[in-house]
Ligand SMILES: Cc1ncc(COP(=O)(O)O)c(C=O)c1O
């Protein structure tokens, strides 16, 4: 009795686990470098030590405070916004789900410039709504006119991502404002990589009733395993979103960890600076390679286009050397591209060497 629309549904795709990759290629797990998930290479050790001290005394026999007041206040202070205008979520993906559940249903649609974060389509279609992707320009910036002409009376959500995963670019000037003003849809800006770009749509939240921003602690904060994200919007939107929020989706330990990290966030910008420096170093190294084009990025990853190479072969060779990168098989915009997460200097150097080796065996000319 499964839903008929799920029978041919294309689910979220990810690479196998580190253990599986190591086994398949005869490597030890510590020889596998995950450059496919856009997370931080740095574990926030001092945050985790503080959590560990408190864990033994936590009332984990009770449900968490469903209002997550303490966590919301720490989030509010971090973004400079009101705690009543924040919905804490189990990572940014749950934030996307909550928006979809609140705004999308059969007969409605969501519009989004593509390529973009694939979960926008998944969350939309899981609601039985239609996902309308609008192709980006050749520089990957969104085509605002096409987005506007694609929107119709049944468009409830416009999904935007800044910086965009997987292309790395930001939104064009004035895009969010125009879409908020010229449509009735909820304009959602996923700012999962905000700390790397410094840009944010929160500065115009006061001006637009139909704007919503998504953040996460999975990327620059180095806490992907803790599953902490949040939505920021005005109170009217937040009241509706809270109707679709699962009451206890963030565990007590995780919520406390989020609060501690947000209140001690100086480490985040130190790590961001290191990663941005590394990103630009790898970018300049890669741009010296013939037949390889690296797109500019304001996030913690780089999108690389291979002009005269068999991309599947490059990825296979990298995997054999323990370097896991993201590919986009079947994606008409990105089939000749790989996306690579910026890691520690040692791992980035390993990647550069591994890529040189991969290119010598994967040339198609
Ligand atoms: C744009 C974007 N949004 C959301 C997510 C998911 O974040 P989280 O781990 O907070 O669910 C990702 C993860 O890669 C992402 O790239």
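Worth pointing out:
- Two-site FRET efficiency, residue 277 against residue 352, from Cβ-Cβ distance with R₀ of 22 Å, rounded to 0.05: 0.90
- Rg over Rh [alpha-carbon atoms, Kirkwood Rh] for the range 1-145: 1.03
- Estimated D of the chain in µm² per second, where Rh is the Kirkwood radius over Cα pairs and Stokes-Einstein applies at 4 °C, 1.567 mPa s: 60
- Treating r as the C-beta distance of residue 240 and residue 73 and R0 as 35 Å, the FRET efficiency rounds to 0.95.
- Packing, taken as the mean count of other beta carbons within 10 Å per residue, orders the peptides 158-169, 352-363 from highest to lowest as 158-169, 352-363.
- Taking each DSSP H run with n ≥ 4 as -39500 (n - 2.57) and averaging over every residue of the chain yields -11500 deg cm²/dmol at 222 nm.
- Förster radius 30 Å - calculated FRET efficiency between residue 345 and residue 23 (Cβ-Cβ, nearest 0.05): 0.60
- GNM flexibility winner over the chain from 344, 297, 197 (Cα, springs under 10 Å): 344
- Here the label points at residue 329 and residue 264, each 7 Å from Cα along the C-beta direction, are separated by 4.3 nm in the simple model.
- Gaussian network model of the chain, springs between alpha carbon atoms under 10 Å - residue of 155, 346, 102 with greatest fluctuation: 346
- The range 145-272 - Rg over Rh from alpha carbon coordinates, Kirkwood radius: 0.99
- Beta bridges per DSSP with both ends in the chain, % antiparallel, nearest 5: 50
- Gyration tensor verdict on the range 32-89 (Cα atoms; rounded if a/c is under 1.5, prolate if a/b is larger than b/c, oblate otherwise): oblate
Just so you know, all these numbers are worked out from the coordinates, no wet-lab data involved. Just so it is clear, the structure is predicted and the values come from calculations on it, not from any experiment. With ideal geometry, Cβ positions are generated from the backbone for all residues, glycine too; neighbour counts draw on all protein chains shown.
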